[in-house]
Every structure is written in structure tokens, then in C-alpha cells.
């Protein structure tokens, strides 16, 4: 099946952004770049900070936990920015929804409606899953604000899930080095999604036990 020109153009843009993000590992003040990418990815940027976090941890293993902490804090702050976009801008500012649907990967009108159904069923647990897993986190930060999720539970779920994700990457790289990079590149998204589902399943089980 041939790829449509529009799809091909978008794919090329994403690839260039990926390569640019990876190239930041060689820049000065790389911690600032890491924080900026982590912040932006939580609200609109399509490339996850893991792309930059992994080579930084490989290049300075002793600083791996520091890099993970930078990712975690900046990503939570970016998530709050996404929440504010959803709460104050999404439904009230013309053109904002069209911008995200047309230019930010993962955003679709149908997908946003599905998220509302998931929120009704799962609440803050879906934020936790999105924060840890390969599901685009930015969609859920904006949806959380647009759907008026309670702010403090949102921040708590974001902080726990984002920290768990980035510290897991950093610890694996620090412990196993280069040999782990290929495994993370190949399997991390699947493992993260499975781990996130298991954690959410545990929360649901606890909720069910205490409800009865």
C-alpha cells in the first residue's frame, strides 16, 4: 500500500524532529535541553524525552539518576501546562483544537471522545497509565483539563507515573549500559504498557476489595 503524500510529509517531519532531539545530546547545557523537551512533550511536542535521556545516561552513567529527575520534574510541569491548555483554552479559543488535530500526532476528534469515556470509567487511573506507558501523555494532560479532572489527583498520578518511567530507564541504563540500549529501543514501549496495565490492575483490585 502506498503512503499518502500528507502522511508521508508528516512522517518525515516526525523523523526530522526525532533526529534533532537525538542530536541535542552533544549540545552544551544539555540538562536545559532535556528539561525543555520533557516539558514540551507533556503538552504538544511529539518526541518523548527518552530519545535524549538514553544517550545522556550512556554518556554519563553517574548522572543517570540526575537526568531522570530532570525529566520527571519538567514533565510534570509540562503536564500542568497541558492541563491548563485543556481547562482554559481548549473549549474557548477558536483554532486551538484544529491546530492539535492537524499538527500534533495522536490527537483526533474520535480519540478525544474515547478518552472522555475512559475518564468516566477509570478516572485518574487512566492518567497514571498514560504517564508511564507509550500512550501519548500530552493527550491526557490536555483532556484532564478539558474534562475538569480534579487537579491534585492529576498532579499526583503524573508525578508517580512519569518518575517511574524515567527512573526505570535511567536505572536500566546505569546497571546494564550499552547492552540495554538496544533492548529498550526494541521492547520498552511494550514492557512499559504491560507494567502500567499491571499497576492499574492492582489499583482496581484494591479498590474492589475495599468496596466490598
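General observations
- When the P(r) of segment 62-176 is calculated, the portion above 19 Å amounts to 46% of the C-alpha pairs.
- If you take the alpha carbon atoms of segment 41-128 and fit the smallest convex hull around them, that volume is 104 Å³ per residue.
- Distance (nanometres) between label positions extended 7 Å along Cα→Cβ at residue 104 and residue 84: 1.4
- Sorting 53-64, 124-135 by their mean Cβ neighbour count within 10 Å, with the most densely packed peptide first, gives 124-135, 53-64.
- Calculated FRET efficiency for the pair residue 17/residue 116, C-beta based, R₀ 41 Å, to 0.05: 0.90
- Estimated Rh, segment 124-174: Kirkwood, alpha-carbon pairs, angstrom: 11.1
Values quoted throughout were computed directly from the atomic coordinates according to the rules given, and no laboratory measurement underlies them. Given the structure is predicted, the values throughout are model-derived calculations rather than measurements. Positions of Cβ are backbone-derived with ideal geometry, glycine not excepted, and every protein chain shown enters the neighbour counts.
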